[in-house]
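Here is the structure we will look at, set down as structure tokens.
Please treat every number below as a calculation from the coordinates, not as lab data. This is a predicted model, so every value here is computed, not measured. Glycine also receives a Cβ, built like all others from the backbone with ideal geometry; neighbour counts cover every protein chain displayed.
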Amino acid sequence: MAKKFQRVRGMNDILPQDQKYWKHVLGVAETQAIFSGFQKVSTPAIESAELFKRSVGGDTDIVGKEMYEFKDKSGAPIALKPEGTAPIVRAYLEGGMASWPQPVKLFYADWMFRYERPQAGRRRQFFQFGFEVLGEEESAADGELIGIAWQILEKLGLGQMHLAVNSIGCGDCRESYKKALLAYYKPKQKQLCGDCKVRFKENPLRLLDCKEKKDEKIRNEAPVMLDFLCVDCKAHFTETLEYLDELEIPYNLESRLVRGLDYYTRTVFEIWPQDLGSNFTLIAGGRYDDLVELLGGKKTPALGFAAGVDRIIEYIKEKKVPVTTEVIPKVFVVQLGQEAKKRAAKLLFDLRGQGISAEAALTKDNIGNQMKIADKFGVPIALILGQKEVMDKTVIIRDMNSGTQEEVRLQDVSEELQKRLPK
Ligand code: HAM
């Protein structure tokens with residue numbers, strides 16, 4: 001026997017029985033995007049590796065440890081995109097959107113790649129949809145954006161969510177915070193894990209991102225950013241919270257929330273199901289007021305979020321949230337005899353051409369077997385064609401619920417179906 005192949009670790013197929021979840025979740029997200037004035041952008045799976053090093057940060061886990069980075073056949077250093085914001089900003093600049101009326105509101109839905117340890121809700125290829133607003137500084141936008149994220153999860157019927165918000169300030173106030181953090185960590189350096197020893201030297205804010213149990217106590221007692229916010233950042237954050245109050249969205253101030261990407265400034269937030277906790281964050285985002293400039297544009301305040309679709313679907317399945325987006329065939333064509341089979345094939349072709357979803361089992365000859373399949377599909381109507389009907393150019397319309405049957409002329413079939421099919 002020839003060798004059978006398996007999926008590469010951390011990669012998943014989406015089998016037919018799961019497609020309805022994907023359609024449902026992406027449908028809700030896309031509708032929300034249209035309702036809120038976001039335009040769709042698609043960016044390539046591959047970008048230059050440097051784009052992510054410069055924006056997300058070379059010593060973050062996402063880029064330093066998890067990015068699929070390699071050289072293509074020309075030797076150019078490229079990466080499978082581990083996240084969507086940096087490519088969106090690149091496309092905003094490259095696509096001339098910086099000269100459009102601002103803000104520019106963009107939506108995306110794409111595969112992302114991170115070489116992480118696969119586990120529940122964590123895959124190496126995973127799907128995100130995201131919302132990004134470029135060219136908007138006002139805190140009203142922070143409130144609106146968090147509102148959009150919150151409402152998507154509400155529309156998906158996912159139950160009680162926990163919204164964590166924090167502000168990590170601007171470059172200026174972060175400098176004084178970094179100093180305080182270094183002063184606090186300095187005498188404790190020897191006790192830190194290997195990664196934190198490096199973080200202490202290269203990127204002290206990432207010390208708060210450490211997941212090692214043994215560093216937890218030190219981390220929990222570290223100074224918090226909120227105490228170091230400058231006047232403007234403090235006002236911006238207070239107003240953001242006021243907008244959340246106005247939208248009646250319950251939030252939790254989490255002063256240790258820093259997010260695992262370097263481009264953030266000011267507002268950061270995460271939303272996770274109350275019963276599962278922050279390991280199962282469904283939506284996460286924040287402001288990145290310096291990123292456009294960092295990637296070669298002019299100073300442009302911006303903000304956004306991304307949602308993990310694989311994770312949302314896992315949660316929907318676990319909670320048994322009802323999902324109904326399947327297209328159920330409306331008509332099943334049953335045939336008996338060689339000529340009827342040909343006529344049935346033409347009828348199927350014509351019905352589908354007219355926009356009526358129709359099924360058949362042309363390889364089955366036995367009427368009883370075909371009716372069983374029709375039952376399984378749950379169609380409201382079956383069309384039956386035998387030798388007699390072929391000769392007479394008629395067809396039998398059977399109401400599958402009542403069992404009543406009526407013979408109609410073949411040329412009148414679609415008209416008769418329009419009358420009987422549920423709209
Ligand atoms: P992130 O927190 O890295 O942020 O990812 C956002 C969401 O993507 C997570 O909350 C999670 O639901 C999902 N996710 C991340 N990694 C995986 C994985 N390995 N498997 C399954 N799901 C995963 C960002 O990516 C930012 N670009 C968000 C953003 C947009 N900030 C501003 N705009």
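Couplings 3J(HN,Hα) of the stretch 52-63, computed from phi: 7, 4, 6, 9, 6, x, x, 9, 7, 4, 4, 8 Hz, in residue order, whole Hz [Karplus 6.51 cos²θ - 1.76 cosθ + 1.60, θ = phi - 60°; x for Gly and Pro].
Here residue 216 and residue 248 are evaluated by their C-beta separation; at R0 = 45 Å the FRET efficiency comes out at 0.85. For the stretch 135-226, applying the loop criterion from DSSP together with a ceiling of 15 other beta carbons within 10 Å to the trypsin sites (Lys or Arg not before Pro) yields 211. When the charge dipole of the chain is built from unit charges on Cβ atoms (+1 for Lys and Arg, -1 for Asp and Glu) and taken about the Cα centre, the candidate among 76, 153, 108 whose Cα reaches farthest toward its positive end is 76.
Taking every C-alpha pair closer than 8 Å and separated by at least 6 residues, the mean separation divided by the residue count of the chain gives a relative contact order of 15 percent.
Rounded to the nearest 5, the antiparallel percentage of DSSP beta bridges internal to the stretch 5-109 is 75%. Of the trypsin sites (Lys or Arg not before Pro) found in the stretch 311-369, the ones in coil according to DSSP and having at most 13 other Cβ atoms within 10 Å of their Cβ are 320. Distance from the Cα centroid of the stretch 260-296 to that of the stretch 42-58 is 17 Å (rounded to whole angstrom).
When the Cα atoms of the stretch 331-420 are enclosed in a convex hull and the volume is divided per residue, what value in Å³ results?
84
Note on the chain: helix-only mean residue ellipticity at 222 nm, from DSSP H runs of 4+ residues weighted -39500 (n - 2.57) and normalised by residue number, equals -11000 deg cm²/dmol.
Determine the alpha carbon to alpha carbon distance for each of 81/214; 186/217; 20/320 and list only those over 20 Å. Could you put the intermediate results ahead of the total?
On the way: 81/214 32 Å; 186/217 15 Å; 20/320 13 Å.
Pairs exceeding 20 Å: 81/214.
With both residues required to sit in the stretch 331-420, DSSP beta bridges show an antiparallel share near 55%. Here's the list of aspartates and glutamates a cross-link from residue 188 could span, going by alpha-carbon distance under 13 Å and ignoring same-chain residues fewer than 8 apart: 215, 216, 221.
Among the listed pairs 155/213; 346/388; 65/155; 319/376, those whose Cα-Cα separation exceeds 28 Å are 155/213; 65/155.
Which of rounded, prolate, oblate describes the chain, given a ≥ b ≥ c as roots of the alpha-carbon gyration tensor eigenvalues and a/c under 1.5 marking rounded, otherwise prolate only if a/b is larger than b/c? Can you show the working numbers first?
Numbers: a/c = 2.65, a/b = 2.34, b/c = 1.13.
Prolate is the answer for the chain, as a/c is 1.5 or above and a/b outweighs b/c.
Take every Cα pair under 8 Å whose residues are at least 6 apart in sequence, average their separation, divide by the length of the stretch 331-420, and the relative contact order is 29 percent.
Loop-located trypsin sites (Lys or Arg not before Pro) across the stretch 56-147 with a Cβ neighbour count of 16 or fewer within 10 Å are 73, with loop assigned by DSSP.
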